[in-house]
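K.L.:
One structure, pasted below without further comment.
The values are calculated or read from the model by the stated rules, or taken from the named source; none is laboratory data. In this text, all values refer to a predicted model and were calculated from it rather than measured experimentally. Neighbour counts are summed over all protein chains in view; Cβ atoms, including those assigned to glycine, are modelled from backbone coordinates with ideal geometry.
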Amino acid sequence: MAPAQAASRVPPAFVQPHAEARRLSALRQESESCERCDLYKNATQTVFGDGAQAARVMLVGEQPGDREDIAGRPFVGPAGKLLDECLHEAGVDRSLCYVTNAVKHFKFEPRGKRRIHAKPSAGEVQRCAWWLGGELDVLRPDLVVALGATALYSLMGRSVGLNKERGHILKTSSGLHLLVTIHPSFLLRIHDHQDRDAERARFVDDLRSITHYLK
Ligand code: SF4
């Protein structure tokens, strides 16, 4: 599913106005005081992307989760662990990739002592594309991997059928190569073992395409 209330087409993250800096470290520092939408109010901190500026491949997820919000780093929770395992099985060294999210603050609903993930709205995704566009501009990666519908929406600027394009590498109007696949948290929500194993194998297959861009 695309982000909540995602109806209209917006400029893709890489062509709309975005943060500008020569170094990721400068972008990261600037993003720490971002108030472009309301999500900063309840989250612990901005969770900016992680990885080398020289990385040729960028992986984009949806938003930080509970663990990421506390740690201040993307993909360090259960979905991140699963992503690491699947990248490893696909023959991809995560340390060669830059990993980030379409939205940099954790959106959640409190439920007792727990904080339950809440889907970012289309407006929040569009606001935060300011930072994703900045990361894309600094890195200029050879391949961007959209992990799930929110990342795909931010990168393409419209709701693209994830199931239809899954496993494909799209070429955007700016020449960017974009691999479409699921978010690893999708696998965590599948209860049937056989179904989960089959989907996991398919995800690993999708990720194998990355190896061609790391040679
Ligand atoms: S979610 Fe993004 S746009 Fe909103 S306050 Fe955080 S960094 Fe800024």
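K.L.:
Yes or no: residue 112 over 17 Å from residue 182 (Cα atoms), within 15 Å of the ligand (Cβ to nearest atom), without any contact (Cβ under 8 Å) to a residue 60 or more places away in the chain and surrounded by fewer than 24 Cβ atoms within 10 Å (Cβ to Cβ)?
P.N.:
Numbers: over 17 Å from residue 182 (Cα atoms): yes; within 15 Å of the ligand (Cβ to nearest atom): no; without any contact (Cβ under 8 Å) to a residue 60 or more places away in the chain: yes; surrounded by fewer than 24 Cβ atoms within 10 Å (Cβ to Cβ): yes.
No.
K.L.:
Would it be correct to say that residue 121 is within 16 Å of the ligand (Cβ to nearest atom), touching a helix residue (DSSP H, G or I) at 6+ places or on another chain (Cβ under 8 Å) and among the polar types (S, T, N, Q)? Can you show your working first?
P.N.:
Values: within 16 Å of the ligand (Cβ to nearest atom): yes; touching a helix residue (DSSP H, G or I) at 6+ places or on another chain (Cβ under 8 Å): no; among the polar types (S, T, N, Q): yes.
So residue 121 fails the test.
K.L.:
Another one. Just the residues that are outside any helix (DSSP H, G or I) and of a type in the set (A, V, I, L, M, F, W, C), please, taken from the stretch 136-148. Walk me through it before giving the result.
P.N.:
Of the stretch 136-148, the ones outside any helix (DSSP H, G or I) are 140-148.
Of everything in the stretch 136-148, those that are outside any helix (DSSP H, G or I) and of a type in the set (A, V, I, L, M, F, W, C) turn out to be 143, 144, 145, 146, 147.
K.L.:
From the set of residues in the stretch 62-120 that are within 12 Å of residue 50 (Cβ to Cβ) and part of a loop (DSSP other than H, G, I, E, B), which is farthest from the chain's Cα centre (by Cα)?
P.N.:
Filtering the stretch 62-120 for residues that are within 12 Å of residue 50 (Cβ to Cβ) and part of a loop (DSSP other than H, G, I, E, B), the one farthest from the chain's Cα centre (by Cα) comes out as 72.
K.L.:
Pairs please, first residue from the stretch 56-73 and at negative phi, second anywhere and of a type in the set (Ser, Thr, Tyr) and not in a loop (DSSP other than H, G, I, E, B), Cβ atoms under 7 Å, 6+ apart in sequence or on different chains.
P.N.:
What qualifies is 56/213; 57/213; 58/98; 58/100; 60/100; 62/150.
K.L.:
Would it be correct to say that residue 135 is farther than 21 Å from residue 117 by Cα, crowded, with 22+ Cβ neighbours inside 10 Å and touching a Leu at 6+ places or on another chain (Cβ under 9 Å)?
P.N.:
Numbers: farther than 21 Å from residue 117 by Cα: yes; crowded, with 22+ Cβ neighbours inside 10 Å: yes; touching a Leu at 6+ places or on another chain (Cβ under 9 Å): yes.
For residue 135, the condition - farther than 21 Å from residue 117 by Cα, crowded, with 22+ Cβ neighbours inside 10 Å and touching a Leu at 6+ places or on another chain (Cβ under 9 Å) - is met.
K.L.:
Give the stretch 44-54 a look and list any residue that's of a type outside the set (S, T, N, Q) and either part of a strand (DSSP E or B) or surrounded by fewer than 22 Cβ atoms within 10 Å (Cβ to Cβ) (or both), or say none. Full working, then the answer.
P.N.:
So the first thing to find is which residues in the stretch 44-54 are of a type outside the set (S, T, N, Q), and the list is 47-52, 54.
Passing the criteria: 50, 51, 52, 54.
K.L.:
Let me ask you something else. So, in the stretch 30-54, how many residues would count as being within 23 Å of residue 149 (Cα to Cα) and either more than 15 Å from the chain's Cα centre (by Cα) or more than 13 Å from the ligand (Cβ to nearest atom) (or both)? Let's see the steps before the verdict.
P.N.:
Step one: of the stretch 30-54, the residues within 23 Å of residue 149 (Cα to Cα) are 36-40, 43, 46-51.
Applying the additional criterion that residues be either more than 15 Å from the chain's Cα centre (by Cα) or more than 13 Å from the ligand (Cβ to nearest atom) (or both) yields 36-40, 43, 50-51.
Number satisfying all stated conditions: 8.
K.L.:
Sticking with this structure for a sec: Kindly establish whether residue 125 is among the β-branched types (Val, Ile, Thr), surrounded by 19 or more Cβ atoms within 10 Å (Cβ to Cβ) and in a helix (DSSP H, G or I). Explain how you work it out, then say what you get.
P.N.:
Details: among the β-branched types (Val, Ile, Thr): yes; surrounded by 19 or more Cβ atoms within 10 Å (Cβ to Cβ): yes; in a helix (DSSP H, G or I): yes.
Yes, satisfied.
K.L.:
Filtering the stretch 20-51 down to residues that are small (Gly, Ala, Ser) and touching a Phe, Trp or Tyr at 6+ places or on another chain (Cβ under 7 Å), which residue is nearest to residue 153 (Cα to Cα)?
P.N.:
If we take residues in the stretch 20-51 being small (Gly, Ala, Ser) and touching a Phe, Trp or Tyr at 6+ places or on another chain (Cβ under 7 Å), then 49 is nearest to residue 153 (Cα to Cα).
K.L.:
Identify all residues within the stretch 72-98 that are crowded, with 20+ Cβ neighbours inside 10 Å and within 16 Å of the ligand (Cβ to nearest atom); write none if there are none.
P.N.:
74
K.L.:
Please work out if residue 133 is modelled with pLDDT under 95 and not in a helix (DSSP H, G or I). Outline the logic, then answer.
P.N.:
Numbers: modelled with pLDDT under 95: yes; not in a helix (DSSP H, G or I): no.
Criteria not met by residue 133.
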